[in-house]
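Structure first, then comments.
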Amino acid sequence: MKYSRSEASQAHASAGRRPAPAHPAQHTTQHAAPHPGPAAIPDRRPIPTPSDRPGAEPAAKAFTIGMVGVDGLIPDLVTGSKDLSDSLEILAHLGAATLSRLAGVPIECALVLSRAKRSRSTAGTGTRTATLARLEKEVGEGPLTEALTGTGTAAMNHVASDFRWGRYRRHLQDAGFDSVLGLRLSLDEGTEAALAFFAASPQAFPLHVIAEARSFTDLASRGLRLALELESASTRASDLQSALESRTSIDIACGVIMAQNRCSYNDAIAIIAKASSHRNIKLRKVAEGILANLPGGAPDTHFEH
(Lines give C-alpha, C1' and ligand atoms only; values in the text may rest on other atoms or scores of the structure.)
Protein backbone atom coordinates (compact mmCIF):
# COMPACT_ATOMS: atom_id res chain seq x y z
CA MET A 1 0.00 0.00 0.00
CA LYS A 2 1.45 3.44 -1.02
CA TYR A 3 1.29 6.62 1.10
CA SER A 4 1.54 10.19 0.00
CA ARG A 5 4.50 12.27 1.12
CA SER A 6 2.42 14.21 3.65
CA GLU A 7 0.97 10.98 5.13
CA ALA A 8 4.39 9.43 5.45
CA SER A 9 5.76 12.52 7.20
CA GLN A 10 2.86 12.52 9.64
CA ALA A 11 3.32 8.81 10.45
CA HIS A 12 7.06 9.29 11.02
CA ALA A 13 6.42 12.22 13.37
CA SER A 14 3.87 10.20 15.33
CA ALA A 15 6.30 7.30 15.74
CA GLY A 16 8.90 9.58 17.25
CA ARG A 17 6.58 11.05 19.88
CA ARG A 18 5.96 9.35 23.26
CA PRO A 19 2.34 8.65 24.16
CA ALA A 20 0.77 11.18 26.50
CA PRO A 21 0.57 9.97 30.14
CA ALA A 22 -2.82 8.78 31.34
CA HIS A 23 -4.90 11.18 33.41
CA PRO A 24 -4.55 10.47 37.18
CA ALA A 25 -8.27 9.78 37.44
CA GLN A 26 -8.13 7.08 34.79
CA HIS A 27 -7.43 3.45 35.71
CA THR A 28 -5.75 1.04 33.38
CA THR A 29 -6.66 -2.61 33.25
CA GLN A 30 -3.04 -3.78 33.41
CA HIS A 31 -1.48 -4.50 36.81
CA ALA A 32 2.16 -4.64 37.67
CA ALA A 33 3.59 -7.88 38.99
CA PRO A 34 3.59 -8.01 42.80
CA HIS A 35 6.78 -6.91 44.49
CA PRO A 36 8.58 -9.85 46.12
CA GLY A 37 8.05 -8.75 49.70
CA PRO A 38 8.02 -10.79 52.95
CA ALA A 39 6.19 -14.08 53.30
CA ALA A 40 2.41 -13.89 53.13
CA ILE A 41 0.55 -13.60 56.43
CA PRO A 42 -1.31 -16.86 57.23
CA ASP A 43 -5.06 -16.83 57.04
CA ARG A 44 -6.36 -16.44 60.59
CA ARG A 45 -10.05 -16.40 59.86
CA PRO A 46 -12.17 -18.58 62.16
CA ILE A 47 -12.56 -22.16 61.00
CA PRO A 48 -16.19 -23.27 60.71
CA THR A 49 -17.31 -25.94 63.10
CA PRO A 50 -18.50 -29.30 61.71
CA SER A 51 -22.09 -28.10 62.05
CA ASP A 52 -21.35 -25.45 59.40
CA ARG A 53 -20.31 -28.07 56.84
CA PRO A 54 -22.83 -29.61 54.42
CA GLY A 55 -24.22 -32.91 55.62
CA ALA A 56 -22.81 -32.62 59.13
CA GLU A 57 -24.88 -33.30 62.19
CA PRO A 58 -26.05 -30.07 63.89
CA ALA A 59 -24.10 -29.31 67.02
CA ALA A 60 -25.69 -28.24 70.26
CA LYS A 61 -23.58 -25.07 70.44
CA ALA A 62 -21.64 -22.86 68.07
CA PHE A 63 -18.01 -22.07 68.79
CA THR A 64 -15.60 -19.63 67.19
CA ILE A 65 -12.45 -21.62 66.59
CA GLY A 66 -8.99 -20.25 65.78
CA MET A 67 -6.07 -21.66 63.85
CA VAL A 68 -4.77 -24.21 66.32
CA GLY A 69 -1.79 -26.36 65.44
CA VAL A 70 -0.60 -24.05 62.67
CA ASP A 71 0.38 -21.12 64.84
CA GLY A 72 1.30 -23.29 67.83
CA LEU A 73 -1.40 -21.78 70.05
CA ILE A 74 -2.59 -23.54 73.17
CA PRO A 75 -6.38 -23.80 72.87
CA ASP A 76 -8.40 -21.76 75.35
CA LEU A 77 -10.87 -24.19 76.89
CA VAL A 78 -11.84 -21.95 79.81
CA THR A 79 -13.08 -18.63 78.41
CA GLY A 80 -16.81 -18.83 77.82
CA SER A 81 -17.21 -22.15 79.65
CA LYS A 82 -19.31 -22.48 82.80
CA ASP A 83 -17.73 -25.71 83.96
CA LEU A 84 -15.49 -28.58 82.89
CA SER A 85 -18.25 -30.14 80.77
CA ASP A 86 -18.32 -27.00 78.64
CA SER A 87 -14.52 -27.11 78.32
CA LEU A 88 -14.68 -30.70 77.06
CA GLU A 89 -17.33 -29.78 74.52
CA ILE A 90 -15.23 -26.86 73.29
CA LEU A 91 -12.27 -29.21 72.85
CA ALA A 92 -14.37 -31.68 70.86
CA HIS A 93 -15.55 -28.98 68.44
CA LEU A 94 -12.05 -27.56 68.20
CA GLY A 95 -10.62 -30.97 67.34
CA ALA A 96 -13.29 -31.60 64.71
CA ALA A 97 -12.65 -28.25 63.00
CA THR A 98 -8.87 -28.72 63.03
CA LEU A 99 -8.99 -32.26 61.63
CA SER A 100 -11.59 -31.25 59.03
CA ARG A 101 -9.12 -28.70 57.70
CA LEU A 102 -6.21 -31.16 57.76
CA ALA A 103 -8.08 -34.07 56.18
CA GLY A 104 -10.10 -32.00 53.71
CA VAL A 105 -13.33 -33.83 54.61
CA PRO A 106 -15.97 -33.26 57.33
CA ILE A 107 -14.76 -34.72 60.63
CA GLU A 108 -16.63 -35.21 63.88
CA CYS A 109 -15.04 -35.71 67.27
CA ALA A 110 -15.64 -37.32 70.66
CA LEU A 111 -13.54 -37.50 73.79
CA VAL A 112 -13.35 -39.26 77.12
CA LEU A 113 -11.84 -38.06 80.40
CA SER A 114 -11.12 -40.45 83.25
CA ARG A 115 -9.93 -39.28 86.69
CA ALA A 116 -9.27 -41.10 89.94
CA LYS A 117 -12.29 -41.05 92.30
CA ARG A 118 -14.32 -39.19 89.68
CA SER A 119 -16.99 -40.35 87.28
CA ARG A 120 -16.02 -40.85 83.65
CA SER A 121 -16.77 -37.80 81.46
CA THR A 122 -17.54 -37.86 77.74
CA ALA A 123 -18.34 -35.22 75.13
CA GLY A 124 -18.91 -35.06 71.39
CA THR A 125 -19.72 -32.75 68.51
CA GLY A 126 -23.11 -34.37 68.08
CA THR A 127 -25.44 -37.05 69.36
CA ARG A 128 -23.83 -39.84 67.33
CA THR A 129 -20.28 -39.19 68.52
CA ALA A 130 -21.28 -38.64 72.15
CA THR A 131 -23.21 -41.93 72.08
CA LEU A 132 -20.25 -43.78 70.58
CA ALA A 133 -17.98 -42.41 73.32
CA ARG A 134 -20.33 -43.64 76.07
CA LEU A 135 -20.78 -46.98 74.31
CA GLU A 136 -17.10 -47.87 74.63
CA LYS A 137 -17.46 -48.27 78.39
CA GLU A 138 -20.18 -50.87 77.84
CA VAL A 139 -18.47 -52.93 75.12
CA GLY A 140 -14.90 -52.43 76.39
CA GLU A 141 -13.39 -51.61 73.00
CA GLY A 142 -13.12 -48.87 70.40
CA PRO A 143 -10.76 -46.07 69.33
CA LEU A 144 -10.79 -44.27 72.68
CA THR A 145 -10.21 -47.47 74.65
CA GLU A 146 -7.39 -48.64 72.38
CA ALA A 147 -5.73 -45.20 72.42
CA LEU A 148 -5.75 -45.21 76.25
CA THR A 149 -4.60 -48.79 76.75
CA GLY A 150 -2.35 -49.28 73.71
CA THR A 151 0.32 -47.25 71.96
CA GLY A 152 -1.71 -44.04 72.08
CA THR A 153 -2.86 -44.18 68.44
CA ALA A 154 -5.66 -46.26 66.93
CA ALA A 155 -6.61 -45.83 63.26
CA MET A 156 -9.21 -47.59 61.12
CA ASN A 157 -9.47 -46.28 57.57
CA HIS A 158 -12.04 -48.72 56.21
CA VAL A 159 -14.48 -49.83 58.87
CA ALA A 160 -16.37 -52.16 56.54
CA SER A 161 -13.31 -54.32 55.81
CA ASP A 162 -11.57 -54.13 59.21
CA PHE A 163 -12.07 -56.98 61.67
CA ARG A 164 -11.11 -55.18 64.90
CA TRP A 165 -13.62 -54.12 67.57
CA GLY A 166 -16.23 -56.69 66.62
CA ARG A 167 -18.84 -55.47 69.11
CA TYR A 168 -18.14 -51.77 68.54
CA ARG A 169 -17.61 -51.77 64.76
CA ARG A 170 -21.26 -52.37 63.86
CA HIS A 171 -22.24 -49.27 65.84
CA LEU A 172 -19.71 -47.26 63.80
CA GLN A 173 -21.31 -48.52 60.61
CA ASP A 174 -24.82 -47.80 61.89
CA ALA A 175 -23.70 -44.23 62.63
CA GLY A 176 -22.44 -43.86 59.04
CA PHE A 177 -18.69 -43.66 59.73
CA ASP A 178 -16.09 -45.48 57.62
CA SER A 179 -12.89 -43.99 59.10
CA VAL A 180 -11.93 -43.43 62.73
CA LEU A 181 -8.82 -42.23 64.54
CA GLY A 182 -8.15 -42.39 68.28
CA LEU A 183 -5.36 -40.44 70.01
CA ARG A 184 -4.34 -40.32 73.66
CA LEU A 185 -3.73 -36.98 75.41
CA SER A 186 -0.78 -36.48 77.73
CA LEU A 187 -2.06 -35.46 81.17
CA ASP A 188 -0.93 -35.63 84.79
CA GLU A 189 -0.70 -38.92 86.64
CA GLY A 190 -4.07 -40.27 87.66
CA THR A 191 -5.86 -38.54 84.78
CA GLU A 192 -6.43 -40.04 81.31
CA ALA A 193 -8.10 -38.61 78.22
CA ALA A 194 -8.35 -39.44 74.55
CA LEU A 195 -9.85 -37.95 71.39
CA ALA A 196 -11.61 -39.91 68.64
CA PHE A 197 -12.17 -38.49 65.15
CA PHE A 198 -14.83 -39.86 62.80
CA ALA A 199 -15.31 -39.48 59.04
CA ALA A 200 -17.99 -40.84 56.71
CA SER A 201 -15.50 -41.34 53.88
CA PRO A 202 -12.88 -44.13 53.82
CA GLN A 203 -9.12 -43.44 54.00
CA ALA A 204 -9.72 -40.14 55.79
CA PHE A 205 -6.68 -40.50 58.04
CA PRO A 206 -3.48 -41.16 56.04
CA LEU A 207 -0.11 -40.98 57.78
CA HIS A 208 0.47 -37.26 57.21
CA VAL A 209 -2.94 -36.40 58.70
CA ILE A 210 -2.23 -38.63 61.71
CA ALA A 211 1.09 -36.84 62.24
CA GLU A 212 -0.63 -33.44 62.17
CA ALA A 213 -3.36 -34.74 64.48
CA ARG A 214 -0.71 -35.79 67.01
CA SER A 215 0.65 -32.24 66.98
CA PHE A 216 -2.84 -30.97 67.73
CA THR A 217 -3.26 -33.39 70.64
CA ASP A 218 -0.01 -32.10 72.16
CA LEU A 219 -1.48 -28.59 72.24
CA ALA A 220 -4.88 -29.87 73.34
CA SER A 221 -3.23 -31.69 76.25
CA ARG A 222 -1.77 -28.42 77.53
CA GLY A 223 -5.10 -26.65 77.23
CA LEU A 224 -6.94 -29.46 79.02
CA ARG A 225 -4.36 -29.58 81.82
CA LEU A 226 -4.93 -25.87 82.42
CA ALA A 227 -8.71 -26.33 82.43
CA LEU A 228 -8.39 -29.20 84.94
CA GLU A 229 -6.12 -27.14 87.21
CA LEU A 230 -8.60 -24.25 87.21
CA GLU A 231 -11.50 -26.62 87.89
CA SER A 232 -9.58 -28.15 90.81
CA ALA A 233 -8.80 -24.70 92.23
CA SER A 234 -12.47 -23.71 91.94
CA THR A 235 -13.52 -26.90 93.75
CA ARG A 236 -11.06 -26.26 96.58
CA ALA A 237 -12.34 -22.70 96.94
CA SER A 238 -15.93 -23.95 97.08
CA ASP A 239 -15.01 -26.57 99.70
CA LEU A 240 -13.25 -23.92 101.79
CA GLN A 241 -16.28 -21.65 101.53
CA SER A 242 -18.54 -24.45 102.74
CA ALA A 243 -16.17 -25.29 105.60
CA LEU A 244 -16.05 -21.66 106.77
CA GLU A 245 -19.83 -21.36 106.71
CA SER A 246 -20.21 -24.65 108.57
CA ARG A 247 -17.68 -23.70 111.22
CA THR A 248 -19.32 -20.30 111.71
CA SER A 249 -22.72 -21.88 112.31
CA ILE A 250 -21.24 -24.24 114.90
CA ASP A 251 -19.39 -21.44 116.69
CA ILE A 252 -22.52 -19.26 116.87
CA ALA A 253 -24.55 -22.22 118.18
CA CYS A 254 -21.87 -22.79 120.82
CA GLY A 255 -22.24 -19.16 121.88
CA VAL A 256 -25.99 -19.64 122.30
CA ILE A 257 -25.46 -22.76 124.43
CA MET A 258 -22.78 -21.02 126.51
CA ALA A 259 -25.17 -18.13 127.22
CA GLN A 260 -28.09 -20.41 128.09
CA ASN A 261 -26.18 -22.96 130.20
CA ARG A 262 -23.38 -20.70 131.49
CA CYS A 263 -20.82 -23.25 130.36
CA SER A 264 -17.47 -23.22 128.57
CA TYR A 265 -16.92 -23.48 124.83
CA ASN A 266 -15.69 -27.06 125.17
CA ASP A 267 -18.81 -28.02 127.10
CA ALA A 268 -20.99 -26.42 124.40
CA ILE A 269 -19.14 -28.37 121.65
CA ALA A 270 -19.63 -31.57 123.65
CA ILE A 271 -23.38 -30.92 123.87
CA ILE A 272 -23.64 -30.43 120.08
CA ALA A 273 -21.46 -33.49 119.40
CA LYS A 274 -23.64 -35.66 121.69
CA ALA A 275 -26.79 -34.51 119.91
CA SER A 276 -25.15 -35.18 116.56
CA SER A 277 -24.23 -38.72 117.60
CA HIS A 278 -27.64 -39.56 119.05
CA ARG A 279 -29.57 -38.19 116.09
CA ASN A 280 -27.02 -39.42 113.50
CA ILE A 281 -26.74 -36.08 111.75
CA LYS A 282 -23.81 -33.75 111.14
CA LEU A 283 -22.67 -31.15 113.65
CA ARG A 284 -23.60 -28.39 111.22
CA LYS A 285 -27.21 -29.60 111.01
CA VAL A 286 -27.49 -29.65 114.80
CA ALA A 287 -26.05 -26.14 114.99
CA GLU A 288 -28.39 -24.86 112.28
CA GLY A 289 -31.34 -26.35 114.19
CA ILE A 290 -30.30 -24.47 117.34
CA LEU A 291 -29.94 -21.20 115.43
CA ALA A 292 -33.29 -21.65 113.66
CA ASN A 293 -35.02 -21.60 117.06
CA LEU A 294 -33.64 -18.17 117.98
CA PRO A 295 -36.24 -15.36 118.22
CA GLY A 296 -34.87 -13.62 115.13
CA GLY A 297 -34.10 -16.80 113.24
CA ALA A 298 -30.69 -18.03 112.13
CA PRO A 299 -28.18 -15.22 111.50
CA ASP A 300 -26.65 -14.95 108.04
CA THR A 301 -22.99 -15.62 107.45
CA HIS A 302 -21.18 -13.58 104.81
CA PHE A 303 -17.92 -14.47 103.08
CA GLU A 304 -16.49 -12.72 100.07
CA HIS A 305 -15.76 -14.99 97.11
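Going through (1) open to solvent by 10 Å² or more (accessible area, probe 1.4 Å); (2) assigned to a helix (DSSP H, G or I); (3) in contact (Cβ under 8 Å) with a residue 40 or more places away in the chain; (4) more than 17 Å from Leu224 (Cα to Cα) one by one, Ala155 falls short only on (2). A count restricted to region 184-198 and to residues that are in contact (Cβ under 8 Å) with a residue 24 or more places away in the chain and either surrounded by fewer than 24 Cβ atoms within 10 Å (Cβ to Cβ) or part of a loop (DSSP other than H, G, I, E, B) (or both) stands at 7.
Taking every residue in region 213-224 that is within 17 Å of Thr191 (Cβ to Cβ) and touching a residue at least 60 places away in the same chain (Cβ under 8 Å) and pairing it with any residue that is open to solvent by 10 Å² or more (accessible area, probe 1.4 Å) and acidic (Asp, Glu), at least 6 positions away or on another chain, the pairs with Cβ-Cβ distances below 7 Å are Gly223/Asp76. Could you tell me whether Leu132 is closer than 13 Å to Val112 by Cβ, assigned to a helix (DSSP H, G or I), touching a strand residue (DSSP E or B) at 6+ places or on another chain (Cβ under 8 Å) and of a type outside the set (Phe, Trp, Tyr)? In short, yes.
Does Ala287 satisfy the condition of being in contact with a Cys (Cβ under 7 Å, 6 or more places away or on another chain), open to solvent by less than 30 Å² (accessible area, probe 1.4 Å), at pLDDT 80 or above and not in a loop (DSSP other than H, G, I, E, B)? No, not satisfied.
How many residues does region 94-119 contain that are open to solvent by 10 Å² or more (accessible area, probe 1.4 Å), in a helix (DSSP H, G or I) and free of Cβ contacts under 8 Å to residues at least 60 places away in the same chain? Residues in region 94-119 being open to solvent by 10 Å² or more (accessible area, probe 1.4 Å), in a helix (DSSP H, G or I) and free of Cβ contacts under 8 Å to residues at least 60 places away in the same chain: 1 in total.
All told, Leu224 falls short of being among the hydrophobic types (A, V, I, L, M, F, W, C), closer than 25 Å to Gly80 by Cβ and either open to solvent by 30 Å² or more (accessible area, probe 1.4 Å) or not in a helix (DSSP H, G or I) (or both). Listed conditions (1) open to solvent by 40 Å² or more (accessible area, probe 1.4 Å); (2) under 23 Å from Ala130 (Cβ atoms); (3) over 23 Å from the mean Cα position of the chain (by Cα) are all met by Asp178, apart from (1). Take the residues of region 120-129 that are of a type outside the set (Val, Ile, Thr) and either surrounded by fewer than 19 Cβ atoms within 10 Å (Cβ to Cβ) or farther than 21 Å from Glu231 by Cβ (or both): which is modelled with the lowest pLDDT? The qualifying residue modelled with the lowest pLDDT is Arg120.
Residues that are closer than 12 Å to Ser100 by Cβ and surrounded by fewer than 17 Cβ atoms within 10 Å (Cβ to Cβ) within region 201-211 comprise just one, Ser201.
Name the residues in region 72-93 that are surrounded by fewer than 21 Cβ atoms within 10 Å (Cβ to Cβ), within 28 Å of Ala175 (Cα to Cα) and of a type outside the set (S, T, N, Q), would you? Matches in region 72-93: Asp86 only. Name the single residue that is modelled with the highest pLDDT among those in region 78-93 being in a loop (DSSP other than H, G, I, E, B) and of a type in the set (D, E, K, R). Result: Asp83.
The values are calculated or read from the model by the stated rules, or taken from the named source; none is laboratory data. Worth saying up front: this structure is predicted, and the values here are computed from it rather than measured. Note that each Cβ is placed from the backbone with ideal geometry, even for glycine, and that neighbours are counted across all protein chains shown. These accessible areas exclude ligands, DNA and RNA; they are computed on the full protein's heavy atoms, side chains included. Shrake-Rupley method; radii C 1.70, N 1.55, O 1.52, S 1.80 Å.
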